[in-house]
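A.B. asks: First the structure, which I've put down as structure tokens, then a few questions once you've had a look.
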Amino acid sequence: MLMITALLPVQYMPYYSFKFALLRTTLHCNFALASLCCVYNLVRPGSDIGIIYCILVPFMAVFANLLAKTRKRMIENVKPEDADVISLELKIRFLLLDHELLFRVPPKANQTLHTASPGDINYDPTGGEGPGSTREKNAARDPIDVVNSMYVAGVRQNPTSCLLRLFVGQFQLLQMGNKAQCLATHEKAATLEPKMDESFLIFRRKRMLHDRFAGGDVIDFIAFEQSLQLATK
């Protein structure tokens, strides 16, 4: 039971920071080792198990890091069509992290269009050199296309997964700058019998977008309706 608890962070590592995953895995493995030493001390009081524990701590830390990195490589090598929803999202997050795109500022213009539209996040008709500019689009095009193809394969493999639709919607909003597609994807997710936590995420995202972009014009509405029709097919 102790080892199962220690290995859970490896199987379900947090995808927002791999460094935190390494730290948490190390702490869990050391906790399991300390618990085993405590049990041994109860069986044989007065033993030198504490000294042995102190000697084994660095080795356990190395073992935990190797274990987490091995799991990361396994996730990166899995095919999108063969991966479950969580593994697919981890694979995508690792790819974005390697290209320094995971925590970037959301693009100003829709990455799927050659020109921005009033329905995009932080619409800027002048372009510029900031996030969403032509230069940044070209630099980020390849990994974004790869991620998009991964999501397409994942949706084909898991067409009834509400969680996967939420991940796709988040990608459309934060990486593609496509608010209309994000809303349409969340509308589709709402029809897939979401669980309580998924329903809350859908409500929160839709409420945030509607509050932030209140007063959208006709172009915004048309873009949303077209994306909704494509998502519900």
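No value in this document is a laboratory result; all are computed from the given coordinates. Quantities reported herein were computed from a predicted structural model and do not represent experimental measurements. Cβ placement follows ideal geometry from the backbone for every residue including glycine, while neighbour counts extend to all protein chains displayed.
A.B. asks: Give me a comma-separated list of calculated 3J(HN,Hα) values for region 174-191, in order, Karplus coefficients 6.51, -1.76, 1.60 applied at θ = phi - 60°, integers in Hz, x for any Gly or Pro.
C.D. replies: So the Karplus estimates, Gly and Pro as x, are 7, 9, 9, x, 9, 5, 4, 5, 4, 5, 5, 5, 5, 5, 5, 4, 5, 8 Hz.
A.B. asks: Quick check on packing: order 56-69, 182-195 by the mean number of other C-beta atoms within 10 Å, highest mean leading.
C.D. replies: Values: 56-69: 15.4, 182-195: 19.6.
Most protected by this proxy first, the peptides run 182-195, 56-69.
A.B. asks: Which pairs in the list 69/188; 72/179; 19/206; 72/188; 19/79 are over 28 Å apart, alpha-carbon to alpha-carbon?
C.D. replies: Details: 69/188 35 Å; 72/179 31 Å; 19/206 31 Å; 72/188 31 Å; 19/79 24 Å.
In this structure, 69/188; 72/179; 19/206; 72/188 lie more than 28 Å apart at Cα.
A.B. asks: Something else: What FRET efficiency comes out for the pair residue 97/residue 54, r = Cβ-Cβ distance, R0 = 25 Å, nearest 0.05?
C.D. replies: Numbers: r = 34 Å, r/R0 = 1.37.
After rounding, the FRET efficiency stands at 0.15.
A.B. asks: Need one number: nm distance between label points at residue 156 and residue 105, each 7 Å from Cα along Cα→Cβ, rounded to one decimal.
C.D. replies: Between residue 156 and residue 105, the label points sit 3.7 nm apart.
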